[in-house]
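Only one structure is covered here, and it is reproduced in the block below.
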Amino acid sequence: MKDEEKPIGVLDSGIGGISVLRELISLLPYERFYYFGDSAHAPYGTKTAEEVRNLTAAIVNDFLKKGVKAIVIACNTATSVAADYLRKKYVNLPIIGIEPALKPAVMQNNGGSIIVMATPMTLREKKFADLMECYGSEVEIISMPCDKLVSFVEAGIMNGPCLQAYLEEKFAPFRDRKIDAVVLGCTHYPFLKESIQETAGKQVAIIDGSLGTAREVKRQLEAANLLNRNPGKGGIEISNSLNSEKIRCLSWKLLLNKSNIYLKKELFPYKIEYK
């Protein structure tokens, strides 16, 4: 197999990274993707840094056995804790992580505050501290730890009174502030975008980093001459550490629910598997 035809490994602490996978498919329609969700150990955001590094490294080792040409860490927490460690360990392998999309939020700022919703661990790690140092002098950035939102998505709860009550509680302290944007600092959160928008207000921009991550993957593949330009080679294999029919159905529901946008038939000769 040619190097450019090798698959791309995409990992997440559960099923939230499917929000990144959708953007990858849209931007890179001829690539093969192995997606692994570690729902049995979700959420990562409440674990220790050592636990997250060990879990992430084990997934990467499995991907390497499959001969991947690149790895996408579709989890903000795992990126914060494990990306640098993995890049030092596998120096010849492109490893692309995701970070809270603070830059675009700051660039379109109109004088209000920016809320960053993320897991507690993401907000504690050095990567987020560096982002705060870079952009915090330009605008007020409010950290909002949301330890329960991952569990809502993993349970398939994308709306409803329990979720809305939790979001109202989180936003209540900031009702007297002018909020320009909410940055979704976890790949699970885009699936809750409508509920978050309703709670934050229609005038508030909701921003996530999935598209930016997909563009960076494409850039790095092109730079390394690893971009597959051969139609008909694309494919998706989804697996999950929580091997249940419920998680299988939910994974495909999240992937396919915007098929008219993300999975254009003329660009989608995919072989789809679930293992």
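The values are calculated or read from the model by the stated rules, or taken from the named source; none is laboratory data. Computed from a prediction, not measured in an experiment: that's the story for all the values here. For neighbour counting, all protein chains shown are included, and Cβ atoms are generated from backbone atoms with ideal geometry for every residue, glycine included. Note: areas computed on protein heavy atoms with side chains; ligands, DNA, RNA excluded. Shrake-Rupley method; radii C 1.70, N 1.55, O 1.52, S 1.80 Å.
Consider Ile238 carefully, then state whether it is in contact with a Lys or Arg (Cβ under 6 Å, 6 or more places away or on another chain) and either surrounded by 12 or more Cβ atoms within 10 Å (Cβ to Cβ) or free of Cβ contacts under 8 Å to residues at least 40 places away in the same chain (or both).
Details: in contact with a Lys or Arg (Cβ under 6 Å, 6 or more places away or on another chain): no; either surrounded by 12 or more Cβ atoms within 10 Å (Cβ to Cβ) or free of Cβ contacts under 8 Å to residues at least 40 places away in the same chain (or both): yes.
No, not satisfied.
Please return the ranges of strands (runs of 3 or more DSSP E) entirely within segment 1-119 where 1 or more residues are surrounded by fewer than 19 Cβ atoms within 10 Å (Cβ to Cβ).
Details: elements: 8-12, 32-37, 70-73, 95-97, 113-118.
Result: 113-118.
Is it true that Asp180 is among the charged types (D, E, K, R), surrounded by 15 or more Cβ atoms within 10 Å (Cβ to Cβ) and not in a helix (DSSP H, G or I)?
yes
Report yes if some residue within segment 243-264 is at pLDDT below 90, open to solvent by less than 40 Å² (accessible area, probe 1.4 Å) and in a strand (DSSP E or B); otherwise report no.
No, segment 243-264 contains no residue that is at pLDDT below 90, open to solvent by less than 40 Å² (accessible area, probe 1.4 Å) and in a strand (DSSP E or B).
Please find, within segment 195-230, the residue that is nearest to Val150 (Cα to Cα) out of those that are polar (S, T, N, Q) and assigned to a helix (DSSP H, G or I). If you could, list the steps in order and put the result at the bottom.
In the first step, residues of segment 195-230 are kept if they are polar (S, T, N, Q); the result is 195, 197, 199, 203, 210, 213, 220, 225, 228, 230.
After this cut, where a residue has to be assigned to a helix (DSSP H, G or I) as well, the list is 195, 197, 199, 210, 213, 220.
Numbers: Ser195: 14, Gln197: 17, Thr199: 17, Ser210: 16, Thr213: 20, Gln220: 29 Å.
Result: Ser195.
Can Ile142 be described as of a type in the set (Val, Ile, Thr), surrounded by fewer than 17 Cβ atoms within 10 Å (Cβ to Cβ), touching a strand residue (DSSP E or B) at 6+ places or on another chain (Cβ under 8 Å) and modelled with pLDDT of 95 or more?
Details: of a type in the set (Val, Ile, Thr): yes; surrounded by fewer than 17 Cβ atoms within 10 Å (Cβ to Cβ): yes; touching a strand residue (DSSP E or B) at 6+ places or on another chain (Cβ under 8 Å): yes; modelled with pLDDT of 95 or more: yes.
Considered against the rule, which asks whether it is of a type in the set (Val, Ile, Thr), surrounded by fewer than 17 Cβ atoms within 10 Å (Cβ to Cβ), touching a strand residue (DSSP E or B) at 6+ places or on another chain (Cβ under 8 Å) and modelled with pLDDT of 95 or more, Ile142 comes out as yes.
Being part of a loop (DSSP other than H, G, I, E, B), in contact with a helix residue (DSSP H, G or I) (Cβ under 7 Å, 6 or more places away or on another chain), open to solvent by 10 Å² or more (accessible area, probe 1.4 Å) and basic (Lys, Arg): is that true of Lys233 here? Reasoning before the result, please.
Working: part of a loop (DSSP other than H, G, I, E, B): yes; in contact with a helix residue (DSSP H, G or I) (Cβ under 7 Å, 6 or more places away or on another chain): yes; open to solvent by 10 Å² or more (accessible area, probe 1.4 Å): yes; basic (Lys, Arg): yes.
So Lys233 fits the description; yes.
Please verify whether Asp130 is closer than 20 Å to Ile207 by Cα, free of Cβ contacts under 8 Å to residues at least 24 places away in the same chain and either surrounded by fewer than 20 Cβ atoms within 10 Å (Cβ to Cβ) or in contact with a Pro (Cβ under 9 Å, 6 or more places away or on another chain) (or both), treating the condition exactly as stated. Steps first, please.
On the way: closer than 20 Å to Ile207 by Cα: yes; free of Cβ contacts under 8 Å to residues at least 24 places away in the same chain: yes; either surrounded by fewer than 20 Cβ atoms within 10 Å (Cβ to Cβ) or in contact with a Pro (Cβ under 9 Å, 6 or more places away or on another chain) (or both): yes.
Here the answer is yes, as Asp130 does meet what is asked.
Looking only at segment 133-177, how many residues end up being assigned to a strand (DSSP E or B) and out of contact with any Ser or Thr (no Cβ under 8 Å at 6 or more places or on another chain)?
Initial filter on segment 133-177 (assigned to a strand (DSSP E or B)): 141-145.
Okay, now just the ones that are also out of contact with any Ser or Thr (no Cβ under 8 Å at 6 or more places or on another chain), so 143-144.
Within segment 133-177, residues that are assigned to a strand (DSSP E or B) and out of contact with any Ser or Thr (no Cβ under 8 Å at 6 or more places or on another chain) number 2.
For segment 145-177, enumerate the residues that are of a type outside the set (A, V, I, L, M), surrounded by 21 or more Cβ atoms within 10 Å (Cβ to Cβ) and touching a strand residue (DSSP E or B) at 6+ places or on another chain (Cβ under 8 Å).
Cys146
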